[in-house]
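The values are calculated or read from the model by the stated rules, or taken from the named source; none is laboratory data. Bear in mind the structure is a predicted one, so any value in this text is a computation, not a measurement. Every residue, glycine among them, receives a Cβ derived from its backbone with ideal geometry; neighbour counts consider all protein chains shown. These accessible areas exclude ligands, DNA and RNA; they are computed on the full protein's heavy atoms, side chains included. Shrake-Rupley method; radii C 1.70, N 1.55, O 1.52, S 1.80 Å.
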Amino acid sequence: MPTKLIIDTDPGVDDAFAIALAALADDVELLGVTSVYGNVPLSATTINARRVLALCGRHDVPVAAGAERPLVHRHPNEARYVHGADGLSGRSHALPEPTRDLDERDAVTLLADLLDAADEPVTIAPIGPLTNIATLLAAHPRLAGKIARIVIMGGALGHGNSTAAAEFNIWSDPEAAHRVLAGGQAPCVLVPMDLTYRCAVDAVWMTELAGSGPIGAALDALTPDYREHYRGALGWDGMVLHDAVAVAEAIRPGTLQTERLPVQVECGFGPGRGATHADRRLPALRASSAEPDAAPEIDVAVDTDLDGLRAQLLSALRVNSRVPGEDPLRTL
Ligand code: BDR
Ligand code: CA
């Protein structure tokens with residue numbers, strides 16, 4: 001039975017890879033895509049998501065635009081310094097234009113309608129700030145039972161990337177992240193940057209993807225600014241496809257190994273704002289010092305078959321458009 005999936009996203013280069021992964025896979029039913037501010041403003045993330053779907057020939061997938069800003073506080077910063085001025089290394093315009101209109105509904109309404117209509121539980125993969133998902137859970141608690149899992153790219157067990165303590169998606173809207181992770185309404189899987197960094201792909205992987213066909217070439221063409229950023233962050237020529245790692249788990253449960261851990265989001269205003277504190281003490285020690293309002297346990301991804309995952313991503317992204325005979329590219 002294919003996984004029923006909705007992606008909530010802020011493309012973003014790694015988001016583009018993650019969307020393509022789901023859009024091209026046979027073992028997933030991609031019900032919809034919702035956009036959120038994040039790496040770049042909402043208008044840019046929305047058109048980027050629609051163009052990536054057009055690249056993959058997925059004119060059947062509805063896209064609805066969501067939050068323009070975090071729930072409570074202002075967004076501290078975008079991530080153009082990572083993803084380029086338009087979120088796709090300045091290459092968004094080179095993707096095919098969508099033929100399907102933007103959905104008239106807002107993101108939360110589309111999410112609610114898709115959940116309501118589903119005859120079996122739906123997986124949601126938030127790969128941007130969690131604002132839309134927190135709003136969905138607050139506004140439609142009745143629908144939480146229709147959610148199979150919320151597989152989130154976000155958080156850090158060690159150091160962060162936006163700040164010393166915090167990872168970008170959680171740091172962008174810590175209150176929303178707290179609402180989703182601590183709310184206990186639906187099972188959550190957190191895929192933190194510690195693991196996504198270990199799944200980084202190298203220049204050989206990129207060259208193979210670029211030479212695999214028009215979609216691989218188009219995805220590769222979106223990467224120059226991102227790759228340059230990660231050349232500095234990693235210290236070698238490679239890229240971290242954070243969001244694709246989370247979507248791989250969303251599509252095929254068990255791709256990543258998880259640990260059940262209590263996780264608390266830091267919502268204060270000190271240097272730790274946006275940190276995800278995972279309690280990795282031995283369970284017996286945790287139990288002996290348990291506080292009444294201790295954070296609920298969630299699944300945290302801690303390991304995977306790294307080479308196996310890279311190979312799986314490459315083979316999934318190498319396939320050509322699902323629409324036979326259609327040339328997905330304009331001017332790349
Ligand atoms: C996350 O932040 C964004 O910049 C990426 O798209 C990813 O979702 C990684 O910290
Ligand atoms: Ca993202």
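Worth a mention:
- Euclidean distance of C-alpha centroids, the range 10-45 and the range 90-152, integer Å: 10 Å
- Helix axis angle, 242-251 relative to the chain longest principal axis, alpha carbon, degrees: 90 degrees
- Backbone amide hydrogens, once placed in the peptide plane, bring E29 within less than 5 Å of T3, K4, L5, excluding anything fewer than 5 places away on its chain.
- In the range 31-113, GluC sites (Glu not before Pro) in a DSSP loop with at most 10 other beta-carbon atoms within 10 Å: E104
- Paired Rg and Dmax values of the range 3-330, which use every Cα atom, in angstrom: 18.4, 63
- Distance between modelled label sites at R318 and V72, nm, 7 Å Cα→Cβ extension: 4.8 nm
- Residues of the range 188-332: accessible area per residue with a 1.4 Å probe, Å²: 46 Å²
- Across the range 201-316, the convex hull enclosing all Cα atoms gives 153 Å³ per residue.
- Integer Hz, Karplus 6.51/-1.76/1.60 couplings in order for the range 158-163, x for Gly and Pro: x, 7, x, 10, 6, 9
- Amide H within-cut-off set for V189, under 5 Å, with H built and near neighbours excluded: I150, V151, I152
- The calculated P(r) of the range 155-214, using every Cα pair and 10 Å bins from 0, goes 19, 35, 25, 18, 3 in percent.
- Available extension along the chain between R252 and W236 is 2.8 nm, counting 0.36 nm per residue and deducting the alpha carbon span.
- Across the range 75-84, rounded Karplus estimates of 3J(HN,Hα) from the backbone phi angles (6.51 cos²θ - 1.76 cosθ + 1.60, θ = phi - 60°) give 6, x, 6, 7, 10, 5, 5, 9, 9, x Hz, Gly and Pro being marked x.
- Amide hydrogen proximity for T255: with H placed 1.01 Å from N in the peptide plane, no residue at 5 or more positions away or on another chain lies under 5 Å.
- Accessible area of the range 131-250 belonging to carbon and sulfur atoms, whole % at 1.4 Å probe: 57 percent
- Accessible-area ranking of F269, F17, largest first, probe 1.4 Å: F269, F17
- Here is how the number arises for the chain: DSSP H runs of 4 or more residues each give -39500 (n - 2.57), the sum is divided by the residue count, and the result at 222 nm is -10500 deg cm²/dmol.
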